[in-house]
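Input: a single structure, listed below in structure tokens.
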Amino acid sequence: MILSNDQIEFYNNEGYVLVEDVISEDQLSAMIKIVDDFFEKSKAIKENNNIFDLEEGHSTNNPRLKRVKQPHQHTPFFWDILKESKIENILIDLLGKDISLKTSKLNTKAPGGGAAVEWHQDWAFYPHTNDDLITVGIYLDDCFEKNGPLKIIKKSHKKKLYSHHNNENYFVGKIDTKKNKIGTNN
């Protein structure tokens, strides 16, 4: 077991748990090099494709990479990191041995940029009848208010699933925070 009983109980009650030192310094260095390589490769493209999502203003001289889709499919390291770090065992501690990877992405926040990710519930992006789903986030750089940290609404996993549709009933992937009174005071 990686997690303590207190951490597991905290996760079950609050809906999240922070675990430090999940990957080694060598693994972190390798991941950063791979991310740098993704930025370099993105210079050659002009619009979003099946691997890269680009920010406005992206160019060869000013690569503005917003996201790498399914990085575990483009470099074996991202798949291997699940087995060679503490991630798999943490997931087993929380869900049991029957686990599978559904998707992966690498969100980037370039200096002076980085698209905002609006308030949302992850479950809305991959609905299942079994709600034993976990989103794992690994920060490769230190995170501060100025570069858009993750904000969590404690115990929201025990609340209703909010609409992620606009007034025309199109999925927009975000919650109307004013209508639902959701925000930084929660």
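Remarks
- Residue within the range 39-47 that is in a helix (DSSP H, G or I) and among the basic types (Lys, Arg) present: yes
- Within the range 22-40, tally of residues that are out of contact with any Phe, Trp or Tyr (no Cβ under 8 Å at 6 or more places or on another chain) and without any contact (Cβ under 8 Å) to a residue 60 or more places away in the chain: 8
- Every test in (1) open to solvent by less than 60 Å² (accessible area, probe 1.4 Å); (2) out of contact with any helix residue (DSSP H, G or I) (no Cβ under 8 Å at 6 or more places or on another chain) is passed by Ala30 save one, and that test is (2).
- Tallying residues that are at pLDDT below 90 and β-branched (Val, Ile, Thr) within the range 58-80 yields 0.
- When the residues of the range 177-186 are filtered to those that are farther than 15 Å from Ala116 by Cα and open to solvent by less than 100 Å² (accessible area, probe 1.4 Å), the one that is modelled with the highest pLDDT is Asn180.
- Against the list (1) farther than 15 Å from Ile34 by Cβ; (2) surrounded by fewer than 17 Cβ atoms within 10 Å (Cβ to Cβ); (3) in contact (Cβ under 8 Å) with a residue 24 or more places away in the chain; (4) touching a Ser or Thr at 6+ places or on another chain (Cβ under 9 Å), the condition Asp122 fails is (3).
- Options Leu106, Leu101, Leu91, Leu82: the member that is under 25 Å from Glu20 (Cβ atoms), part of a loop (DSSP other than H, G, I, E, B) and not hydroxyl-bearing (Ser, Thr, Tyr): Leu101
- Number of the condition not met by Tyr16 [criteria: (1) touching a residue at least 60 places away in the same chain (Cβ under 8 Å); (2) within 16 Å of Glu88 (Cβ to Cβ)]: (2)
- Scanning the range 126-153 for residues that are under 26 Å from Asp98 (Cα atoms) and open to solvent by less than 100 Å² (accessible area, probe 1.4 Å) gives Tyr126, Pro127, His128, Asn130, Asp132, Leu133, Ile134, Thr135, Val136, Gly137, Ile138.
Residue-wise test of (1) more than 16 Å from the chain's Cα centre (by Cα); (2) open to solvent by less than 50 Å² (accessible area, probe 1.4 Å); (3) aliphatic (A, V, I, L, M).
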residue: Phe52; (1), (2), (3): no, yes, no
residue: Thr60; (1), (2), (3): yes, no, no
residue: Lys69; (1), (2), (3): no, no, no
residue: Lys83; (1), (2), (3): yes, no, no
residue: Asn89; (1), (2), (3): yes, no, no
residue: Ser104; (1), (2), (3): no, yes, no
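- Candidates Phe10, Phe38, filtered to the one that is open to solvent by less than 60 Å² (accessible area, probe 1.4 Å) and aromatic (Phe, Trp, Tyr): Phe38
- Residue match in the range 139-149 (condition: modelled with pLDDT of 85 or more and within 13 Å of the chain's Cα centre (by Cα)): yes
The values are calculated or read from the model by the stated rules, or taken from the named source; none is laboratory data. Every value quoted in this text rests on a predicted model; they were computed, and no experiment measured them. Note: ideal-geometry Cβ built from the backbone for every residue, glycine included; neighbour counts use all protein chains shown. Note: accessible area is taken over every heavy atom of the protein model, side chains too, but ligands, DNA and RNA are not part of it. Shrake-Rupley method; radii C 1.70, N 1.55, O 1.52, S 1.80 Å.
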